[in-house]
């Protein structure tokens, strides 16, 4: 998502150094109070910066719809509380509407906002303003609750469905807000959900009442490419949080099983058909688009072997929890499955074969199981493991999640980050001890992009006997202290220069981009001839030229033994299939970049290329089942595939633009 604040960074730093000039005098008093070291609890540096950027954007830039992109575990609720306190004290706003996507997030927010907990813990209100805490009573919009509390309470909290016009309760709640609330400040937690049509309609209906809106999320870029309509002013990433002293979140260590030890396969329990993970891309993508769960189930043998590795990590985490935290928390294993059948099989295996009391949470689970999920890791919870099918993501904050076992592939960067985020919250917050989130991830799932994103350390070739050593722990970091300030060199400000008008240099150029609704027919028309390979080199003769007589050329017979056979490297069918899939994914990324399309379409474009290669070069076979010679030919033809598509500028854009029609036709 575009960082709207980038152009103001230098002005913002100057504003802070100058002591917050040009702001509301009450705002300056409010900020001076937050700087008091005697407060019951101080904000983290990044929380304070998020608040300062919000104030700067609202009071100096006059922006009213703002977004903070802050990593899971980064304390978004404390920032929301600080902003509410600032708006109440400094801008006389009395009504605050806090919206979220589901009851899990709502319950977390309720715990912090009920009875002014977050305001009292941090001492947000300056001396003389403490009574505002009592004015900010909480009304919870929930099934069966009347709307009268909307009038009586300073903070109204609920999931967005409590305002939807498809139910009587939602109609009544929205009517009360529209009729009786003179003005509002609106907060959207997990704000990547706001582009959903009904959510967006509610925000639009409330916009005449809204003096201010703040969105918070850890994943502003959605799987469908849509983003909130607010302006991002702060990006606090995973790497930023891991670099703090002490770190804000856990470090991530990935354990990948030996490929020859765990052959990851899926079986259809109804037909007995077996597939490798390479052949399951469509199923993984379908689930992330919200389609019905598939019937494919991870085979018991690879599932059991991966569980052995995960349980070994769990026992090691338990020993560390006892050693460094005196057993104050109970580490939990979190298993992520592809479908409900898969999750049920994983639950049964964990309980029957390994003796782990396991909680199953799916879309069919009742409120009792969801409440049990929120209590995982607490002393009164009987569970050591939990299995879920993309249900426990945003808002499910259980720091005791210390091991994650992935039994499915993520095609979407959003879902991948959300699942990993469940294990990032630290159990010991104030000390720089070595806390990690251990993730068991099969190498065939191709999650390298995710581990790069979260700065993970990767241990490969792991089996159930591999041990967790101190070398896997992040080393304690030493604070960076300026020892000799007299040696600091001041860098002068950049001098403004007259801007060059580059546009004139390109006025005569025209770029014509084609529009191809029939892109499928165009792909089908591409032809691929036979590939020429050199397997032997023979010398017929040798030309001799003498420097003194350059015009004279002498032909002599070549020496014996000059026939050279080109050696061919032996590559397995599995390695060739993996090479082809990597090649097509890289080509998909290249073609998207060439036409200015974001990486959110990478999975879709990769699928188009794979289908094209299967049809044209593999005789309809998948990479996993195609013969080696066909795979070699497809790999050799990659430049021809690239040339054919790139030669029609706009073809890649058309493939993306008209994908909905194409998908409907295929369905």
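The values are calculated or read from the model by the stated rules, or taken from the named source; none is laboratory data. Fair warning: this is a prediction, and the values are worked out from it, not measured in the lab. For neighbour counting, all protein chains shown are included, and Cβ atoms are generated from backbone atoms with ideal geometry for every residue, glycine included.
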Quiz item: Is it the case that some residue within region 358-376 is surrounded by fewer than 21 Cβ atoms within 10 Å (Cβ to Cβ) and on the phi > 0 side of the Ramachandran plot?
Solution: no
Quiz item: strands (runs of 3 or more DSSP E) wholly in region 263-337 with at least 1 residues that are under 26 Å from residue 398 (Cα atoms) and either at pLDDT 70 or above or in the same structural domain as residue 584 (by TED's automatic domain parsing) (or both) - which ones?
Solution: 332-336
Practice problem: Could you list, in sequence order, all residues of region 53-65 that are surrounded by fewer than 19 Cβ atoms within 10 Å (Cβ to Cβ) and without any contact (Cβ under 8 Å) to a residue 40 or more places away in the chain? | Solution: 59, 62
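Which residue is farthest from the chain's Cα centre (by Cα), if the candidates are limited to region 1-51 and must be closer than 23 Å to residue 229 by Cβ and without any contact (Cβ under 8 Å) to a residue 60 or more places away in the chain?
12
Look through region 225-254, keep the residues that are assigned to a loop (DSSP other than H, G, I, E, B) and within 13 Å of the chain's Cα centre (by Cα), and return whichever of them is surrounded by the most Cβ atoms within 10 Å (Cβ to Cβ).
Applying the filter and picking the extreme gives 237.
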Quiz item: Are any of the residues in region 151-161 more than 16 Å from residue 199 (Cα to Cα), assigned by TED's automatic domain parsing to the domain that holds residue 211 and assigned to a helix (DSSP H, G or I)?
Solution: yes
Quiz item: Can you name the condition, by its number, that residue 621 falls short on among (1) free of Cβ contacts under 8 Å to residues at least 12 places away in the same chain; (2) in contact with a strand residue (DSSP E or B) (Cβ under 7 Å, 6 or more places away or on another chain)?
Solution: (2)
Exercise. For residue 402, indicate whether it is assigned to a loop (DSSP other than H, G, I, E, B), in the same structural domain as residue 427 (by TED's automatic domain parsing) and on the phi < 0 side of the Ramachandran plot.
Key: no
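Taking into account only those residues within region 106-125 that are in a helix (DSSP H, G or I) and crowded, with 21+ Cβ neighbours inside 10 Å, which is modelled with the lowest pLDDT? Full working, then the answer.
Just the residues of region 106-125 that are in a helix (DSSP H, G or I), to begin with: 106-122.
Cutting the leftovers down to crowded, with 21+ Cβ neighbours inside 10 Å gives us 106, 109, 113, 116, 118-119.
On the way: 106: 88, 109: 91, 113: 94, 116: 93, 118: 95, 119: 96.
By that ranking, first place goes to 106.
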Quiz item: What about residue 174, is it assigned to a helix (DSSP H, G or I) and under 18 Å from residue 153 (Cα atoms)?
Solution: yes
